[in-house]
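Let me begin by presenting the structure, written as structure tokens, before commenting on it.
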Amino acid sequence: MNQRFITLICLAIILGSLFLLSPIYAQSLADGFMKEKGHGSLVLSYSWEQYDEFYFGTEKMDAPPPYGGQITTQSVNLYGILGLSDNLDLIVNLPFITAQGDAEGAGVPDQEVSGLQDAALFLKWRPVYIESEAGALSFLGALGFATPLSGYEADAVLSIGNHSTRVDARLMTQYKANSGIFIDLQAGYSVRTNDVPNAVVLAGKIGYAGAHFYIDLWSETQISDSDAPDIGMVPFNETRVNYTQVGISGYIPLGESFGISAGVGQYVGGRNVGLATRVSGGLIYNF
């Protein structure tokens, strides 16, 4: 398999898996792998996540009893990327999300909400690409926005999002050795409407990208503006939300054009966030 094909499968799984980090809170839509001009990928993915504990402020508690002490979220995501040039990519994303409680009986609140969440459009630019005998070093930037596509409820425990339009900016660097081992680092800032706190987002990834398979270990952290209040003091969408999540993702190509991906993620800490475990999978078409 040639180098362009290796890059195609790496980009598809890395970007595709980023959308599966969390249907509500994940922000990362870009990394250090670029498409070539005229080439692209389509990713159809599914994710399932569930939690029975959450952080009320910084105190760990059981999930709300009105929802059976357990909340499950499922999402189907359609993602596309196209190389406008060798150093400029266009990224689009469209998720449909269902959130469910586990309570039964008379008098319990609605146990299911669903709908289209937030469409996203991003541009990723690679101004610096330095090759050496050992590998390649890239410096990149990404800028884009996401906006709600439906009138879903944001001020609720059981919700599919915060109904906010946001503008995200990212700075990224990647080093990929000729052996296939790579590391990605990025930092960014997200500006949000609808009284949702702005946030700093940090992400890192280390893995192997080869002709026959791809695997990575990743981590992402969000830090909301420190003056935002905790749950109970304001509507849910205005709450300060911090988190750290970690996971592993992998990819296997099925010929030149198709591939399948899978991943597992876990929230390991945070503030005003559910400690969800996530399982995801996807079908990827490269062209």
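Any residue at all in segment 127-140 that's of a type in the set (D, E), touching a helix residue (DSSP H, G or I) at 6+ places or on another chain (Cβ under 7 Å) and more than 23 Å from T244 (Cβ to Cβ)? Spell out the reasoning first.
Looking only at segment 127-140, we keep the residues that are of a type in the set (D, E), and these are 131, 133.
Add one more test, that the residue is touching a helix residue (DSSP H, G or I) at 6+ places or on another chain (Cβ under 7 Å), and what stays is none.
No, segment 127-140 has no match at all.
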Open item on the list: Only one of L90, L137, L123 is in contact with a Phe, Trp or Tyr (Cβ under 9 Å, 6 or more places away or on another chain) and either within 18 Å of Q174 (Cβ to Cβ) or without any contact (Cβ under 8 Å) to a residue 24 or more places away in the chain (or both). Can you tell me which?
Closed with: L137
TODO: State whether the residues of segment 192-200 include one that is over 26 Å from F258 (Cα atoms), part of a loop (DSSP other than H, G, I, E, B), in contact with a Pro (Cβ under 9 Å, 6 or more places away or on another chain) and among the acidic types (D, E).
DONE: yes
Task: Given (1) under 20 Å from the mean Cα position of the chain (by Cα); (2) surrounded by fewer than 18 Cβ atoms within 10 Å (Cβ to Cβ), number of the condition A103 does not satisfy - done: (1)
- [ ] Can you tell me which residue within segment 103-147, out of those that are among the hydrophobic types (A, V, I, L, M, F, W, C) and farther than 22 Å from L29 by Cα, is modelled with the lowest pLDDT?
- [x] A106
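With the requirement that a residue be among the hydroxyl-bearing types (S, T, Y) and not in a loop (DSSP other than H, G, I, E, B), what does segment 211-245 give you? Before the answer, list the steps.
As a first pass, look at segment 211-245 and keep what is among the hydroxyl-bearing types (S, T, Y): 214, 219, 221, 224, 226, 239, 243-244.
Within segment 211-245, Y214, S219, T221, S224, Y243, T244 qualify.
Could you list all residues from segment 239-287 that are among the hydroxyl-bearing types (S, T, Y) and touching a Pro at 6+ places or on another chain (Cβ under 8 Å)? Steps first, answer last, please.
First, the residues of segment 239-287 that are among the hydroxyl-bearing types (S, T, Y): 239, 243-244, 249, 251, 257, 261, 267, 277, 280, 285.
Selection gives T239 alone.
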Open item on the list: If Y208 meets every condition in (1) out of contact with any Gly (no Cβ under 8 Å at 6 or more places or on another chain); (2) at pLDDT 95 or above; (3) among the hydroxyl-bearing types (S, T, Y) apart from one, which number is that one?
Closed with: (1)
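Taking the condition of being within 20 Å of L283 (Cβ to Cβ) and over 14 Å from the mean Cα position of the chain (by Cα), how many residues in segment 81-95 meet it?
Step one: filter segment 81-95 for residues within 20 Å of L283 (Cβ to Cβ), giving 81-82, 91-95.
Applying the additional criterion that residues be over 14 Å from the mean Cα position of the chain (by Cα) yields 81-82.
Adding up the residues that qualify gives 2.
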- [ ] Hey, can you tell me all the residues within segment 211-228 that are out of contact with any Gly (no Cβ under 8 Å at 6 or more places or on another chain) and exposed (fewer than 15 other Cβ atoms within 10 Å of the Cβ)?
- [x] A211, H212, D225, S226, D227
Task: Top-ranked residue of segment 246-287 - restricted to ones that are in contact with an Asp or Glu (Cβ under 6 Å, 6 or more places away or on another chain) and part of a strand (DSSP E or B), ranked as surrounded by the most Cβ atoms within 10 Å (Cβ to Cβ) - done: S249
TODO: Give just the number: which of (1) closer than 23 Å to G40 by Cα; (2) within 20 Å of the chain's Cα centre (by Cα); (3) not hydroxyl-bearing (S, T, Y) does V128 not satisfy?
DONE: (2)
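For segment 165-174: of the residues being surrounded by fewer than 20 Cβ atoms within 10 Å (Cβ to Cβ) and among the polar types (S, T, N, Q), which is nearest to the chain's Cα centre (by Cα)? Can you show your working first?
To start, the set of residues in segment 165-174 that are surrounded by fewer than 20 Cβ atoms within 10 Å (Cβ to Cβ) comprises 165, 167, 169, 171, 173.
With the extra rule that they be among the polar types (S, T, N, Q), the set shrinks to 165, 173.
Values: T165: 16, T173: 18 Å.
The qualifying residue nearest to the chain's Cα centre (by Cα) is T165.
Could you say which residue among T73, T98 is surrounded by 18 or more Cβ atoms within 10 Å (Cβ to Cβ), hydroxyl-bearing (S, T, Y) and closer than 22 Å to V279 by Cα? Show your work before the answer.
On the way: T98 fails: surrounded by 18 or more Cβ atoms within 10 Å (Cβ to Cβ).
The match here is T73.
This table checks each residue for (1) under 20 Å from D89 (Cβ atoms); (2) part of a loop (DSSP other than H, G, I, E, B); (3) hydroxyl-bearing (S, T, Y); (4) without any contact (Cβ under 8 Å) to a residue 24 or more places away in the chain.
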| site | (1), (2), (3), (4) |
| --- | --- |
| F145 | yes, no, no, no |
| S150 | no, yes, yes, no |
| V157 | no, yes, no, no |
| N162 | no, yes, no, no |
| A169 | yes, no, no, no |
| M172 | yes, no, no, no |
| Y175 | yes, no, yes, no |
| F182 | yes, no, no, no |
| A187 | yes, no, no, yes |
TODO: Output the residues belonging to segment 89-125 that are among the polar types (S, T, N, Q) and assigned to a strand (DSSP E or B).
DONE: N93, T98, Q100, S114
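The values are calculated or read from the model by the stated rules, or taken from the named source; none is laboratory data. What you see is a predicted model; the values in this text were computed from it and never measured. Reconstructed Cβ throughout: ideal geometry from the backbone, glycine too, with neighbour counts over all protein chains shown.
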